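Undergrad: One structure, pasted below without further comment.
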Amino acid sequence: MLHLVKLCVGVDTLEEFFAGISEAEAADSAGTGVIPPWRFRHVTRQTPRRADEILSGGSLYWVISGRILCRQRILGLEPVRGEDGIERCAILLSREAWRTRPAPRRPFQGWRYLAEKDAPPDLAGAEAGADLLPDDLLARLGEFGVL
């Protein structure tokens, strides 16, 4: 299994990320059909060449403010044509997102492959309830091996 990692541009906190998903779900359930495209579908210029590995259970890990903080399962990859006529790839994502152990990541463009062995684990149990803690504190606890 192989994952992708991508910067979550325009989002500064994990709370903002999850609030955006909640807003999109509310708009969808209200029948407006207005879902911000990056919430459940992310369009990128390049199509992953290793699609079979990604589609066998891979996730898109989101980098928010310099740290991987959450992931969404990748449900599919489909070609799309932009308004400029250029072919792109839509990464179809689950509506659910899972918090992960914070993992520092330097800025980069586009997406990168992320091997299963390098992917940060999900926060579970009491750790998942750590949303009461600020992202910075969670990251520091992770650096010390507490999480």
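Undergrad: Among the strands (runs of 3 or more DSSP E) lying completely within region 54-102, list those that include at least 3 residues that are more than 13 Å from the chain's Cα centre (by Cα).
TA: 67-81, 87-93
Undergrad: Take region 18-56 and flag every residue that is surrounded by 15 or more Cβ atoms within 10 Å (Cβ to Cβ), modelled with pLDDT of 90 or more and of a type in the set (A, V, I, L, M, F, W, C).
TA: Within region 18-56, Ala51, Ile54, Leu55 qualify.
Undergrad: Which residue, of Ala128, Ala139, Ala124, is modelled with pLDDT under 95, within 22 Å of Val11 (Cβ to Cβ) and exposed (fewer than 12 other Cβ atoms within 10 Å of the Cβ)? Outline the logic, then answer.
TA: On the way: Ala139 fails: exposed (fewer than 12 other Cβ atoms within 10 Å of the Cβ); Ala124 fails: within 22 Å of Val11 (Cβ to Cβ).
That would be Ala128, the only listed residue that is modelled with pLDDT under 95, within 22 Å of Val11 (Cβ to Cβ) and exposed (fewer than 12 other Cβ atoms within 10 Å of the Cβ).
Undergrad: Scan region 55-79 for residues that are small (Gly, Ala, Ser) and either under 13 Å from Lys6 (Cβ atoms) or without any contact (Cβ under 8 Å) to a residue 40 or more places away in the chain (or both) and report the count. Steps first, answer last, please.
TA: To start, the set of residues in region 55-79 that are small (Gly, Ala, Ser) comprises 56-59, 65-66, 76.
Next, from what is left, pick out any that are either under 13 Å from Lys6 (Cβ atoms) or without any contact (Cβ under 8 Å) to a residue 40 or more places away in the chain (or both): 58-59, 76.
Residues meeting the conditions: 3.
Undergrad: Here's something else I'd like to know. Do any residues in region 80-104 that are more than 16 Å from Phe18 (Cα to Cα) have Cβ atoms under 7 Å from those of residues that are at pLDDT 90 or above and among the small types (Gly, Ala, Ser), where the two are at least six apart or on different chains, and which pairs are they?
TA: Correct list of pairs: Val80/Ala90; Leu92/Gly76; Pro104/Gly66.
The values are calculated or read from the model by the stated rules, or taken from the named source; none is laboratory data. Since we're looking at a predicted model, the values are computed, not measured. In this analysis, Cβ positions are derived from the backbone assuming ideal geometry, glycine residues included, and neighbour counts consider all displayed protein chains.
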